[in-house]
Amino acid sequence: MNKIHRIVWSAARQSYIVAHEHSASCGKPSSAKQVVVTLGLLAATTFSSPLLAANVQVGDGAMATVQNSTAVGEGAQAQAVNSTAVGKTANAAGEASTALGSGANATGQYSTALGVIAEATGQYSTALGVQANAAGVSSTALGTFAKATADSSTALGMSANAEGVSSTAVGQGAQAIAENSTALGVSATANGFNSTAVGTSAKATNQSSTALGVSANAAGLSSTAVGQGAQAIANYSTALGMGAKAEGVFSTAVGEAAQAIANFSTAVGRGAQATAEYSTALGMSANAAGFGSIALGSDANAAGLNSTVLGTGAQATADYSTALGMWANAAGLNSTALGMRALVSGINSVAIGAYSVADAANVVSFGNATQQRRLVNVAEGSDDNDAVNMKQFNALKTQVDGLSAGGEVVDQVARDAALDAKNAASAADAKASAAQTDATSAQNNAGTAQSTADRAETKADKALGILEEGTLRVAGAQSSGERNSIAIGADAKADKANSIAIGAGSYAKSSVAIGVNSAASGTNTTAIGDEAKARGEFAVALGNNAEVKANAKNAVALGNGSVATESDTVSVGAAGAERRVVNVADATSKTDAVNLGQLQQFTRELGSQFDQRMDSLEDTIKSSQREYRAGISLAGANAAAVTNAMQVQGVGVGLSSFAGHGALALALGRRLESGNSLSLSVGVSGSKTQVSGGFGVPLKW
């Protein structure tokens, strides 16, 4: 065995060398002194002490050829100033470089290679570990087979690989390929510029992408995937949560198994899905399947084009439909359902309030077949399609009541006139039979009939005058923690299950509240708008400062500042701040709202009917007047003719005129031997012809 006896100065090599055990010497020192000298020289040369500026070569073929270099080991080479190579075939070729380990290679200036076949080839590089490789300037590779091949790169871990400038790979098999990329975790991969992958098998493969979590995958440009198995596939996409998937450009999926499949889509909540472009699903198992659709609430479903759903289990399945409230359902095109379990199946229709139903097209429903609501705080209608309030209706009712009374008067006038005419004609006939004694009485009765007719006309005129007279918390929000609750906004609170509170200071208790300081505190209520309050059970408050009082069960307040104070009512304003309800279609059922146009049309039709009745009455009266005037005139003519014929035997002619009606009569008369008389007369007045006969008994005194 070879033994080191002493280290001597070699004049030929101008360095210290190890003397062979058989080399001649002046004396053999003790072994203890040899060890001390040897260790001291190695330490001095290794750390380049300024006290000893010499080279050290230890081992067969070792070479330390420059100032302050040290080569220890078989074939070790220290080729640069202040370099150190320790180990078989170790090579320190860079200035102030250090190579420690069999086959270690430190060729870069100020580089360090520690480990079997470790390589530090870059300036200021460090390679630690078996076959570790630090090739870039200021690069660091730590671990078996670790590689840091780019400038300022760092690879830590077995087979870690940092290939990009300023890249970092930490973990077994971690890969940081692109510039400024970071891969942390076993088999983590950061391929994109400025990309980051953290977690076992995490992948950030595109520029500025980020993947955090086991098997997370950020493949899109500027994409982010956070959570086990989260996937952000498209450019600018974000997936947060275990198994979350964002496949569309600018899509966002937040929550376990949430999916934002289409471009510009957003899905937030466990199992939420936004599958159409520009769609938004917020809540556990919420589904936004229509283009531009919005589904907010657990199990909410917005399937129609540009449809909107708000509330647990609510559905808007038709295009442009809107459903607000728990389990509200808008199934008709352009339909709107507001309130818990409100249902609309008709096209262009609206159902307002809990359990309201609109099953026909172009209608607004405030209730259902068994439960209706009053519409309160309605201003007076002014246009044909405005709703009318009770004040307007009562004014019309007063007119209608007057028309009804007037109709009775008219009927009575007609009956009176007809009776007067009949009596007048009968009286004329009777007087004609006894013309010689009763002609004057006939004329007097005719005057009475005329007076009665004048009174009838006056009553008719008065009657005609009547018509002319009359489970998520965002931004400082609070949630009860019960299932299906969502709270978004500072101090927003979703209390109890199936609650949605969106907006700073909003509060929902098993209900839906959206807006700053909005509150849905009643059972199954909906409040939408800043400061909106739905306090009564099944209440709906829509609009800033809209309010449904706690005692107003099943009520609805629509519009800014509207207040509903009674149960089963719909308020569109407040006391002193009423609103008109406009664009109201014609009512068809008994519980439909009536618009002003219908009210006015009813008034016109009623007036027309009254005019017709009055025209008919006027015709009747005039006809009666003509008949009784002609009758009276005929009576006078007949009486005159008979009187003229009342000799023993003869023919008489009579003329008469009454109230503009003239008459001509021809009479045959004969006096009997008994002193009695017989007569027969025929009279004509206009289109009226009268035949009369008589038997007379003279009275003499």
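What to note about this one:
- Checklist (1) within 20 Å of Ala351 (Cα to Cα); (2) surrounded by fewer than 19 Cβ atoms within 10 Å (Cβ to Cβ) applied to Gln600, failing item: (1)
- Being among the hydrophobic types (A, V, I, L, M, F, W, C), over 24 Å from Thr224 (Cβ atoms) and in contact with a Leu (Cβ under 9 Å, 6 or more places away or on another chain) holds for only one residue in Ala155, Ala197, and it is Ala155.
- In region 199-216, the residues that are under 9 Å from Gly185 (Cα atoms) never reach a residue that is basic (Lys, Arg) with C-beta atoms less than 7 angstrom apart, at least six apart or across chains.
- Residues of region 354-372 include at least one that is part of a strand (DSSP E or B), in contact with a strand residue (DSSP E or B) (Cβ under 8 Å, 6 or more places away or on another chain) and either of a type outside the set (Gly, Ala, Ser) or surrounded by fewer than 21 Cβ atoms within 10 Å (Cβ to Cβ) (or both).
Yes/no matrix, rows are residues, columns are (1) closer than 30 Å to Ser510 by Cα; (2) at pLDDT below 75; (3) touching a Leu at 6+ places or on another chain (Cβ under 8 Å); (4) in a loop (DSSP other than H, G, I, E, B):
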| residue | (1), (2), (3), (4) |
| --- | --- |
| Phe538 | yes, no, no, yes |
| Asn545 | yes, no, no, yes |
| Ala550 | yes, no, no, yes |
| Ala557 | yes, no, yes, no |
| Glu566 | yes, no, no, yes |
| Val570 | yes, no, yes, no |
| Phe610 | no, yes, yes, no |
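- Only one of the listed residues (Ala24, Ala62) is farther than 30 Å from Ala150 by Cβ and at pLDDT below 95. That residue is Ala24.
- Residue selected from region 298-321 under the condition crowded, with 24+ Cβ neighbours inside 10 Å and of a type in the set (S, T, N, Q), by the criterion farthest from the chain's Cα centre (by Cα): Ser298
The values are calculated or read from the model by the stated rules, or taken from the named source; none is laboratory data. Fair warning: this is a prediction, and the values are worked out from it, not measured in the lab. All Cβ positions, glycine included, derive from the backbone under ideal geometry; neighbour counts span all protein chains shown.
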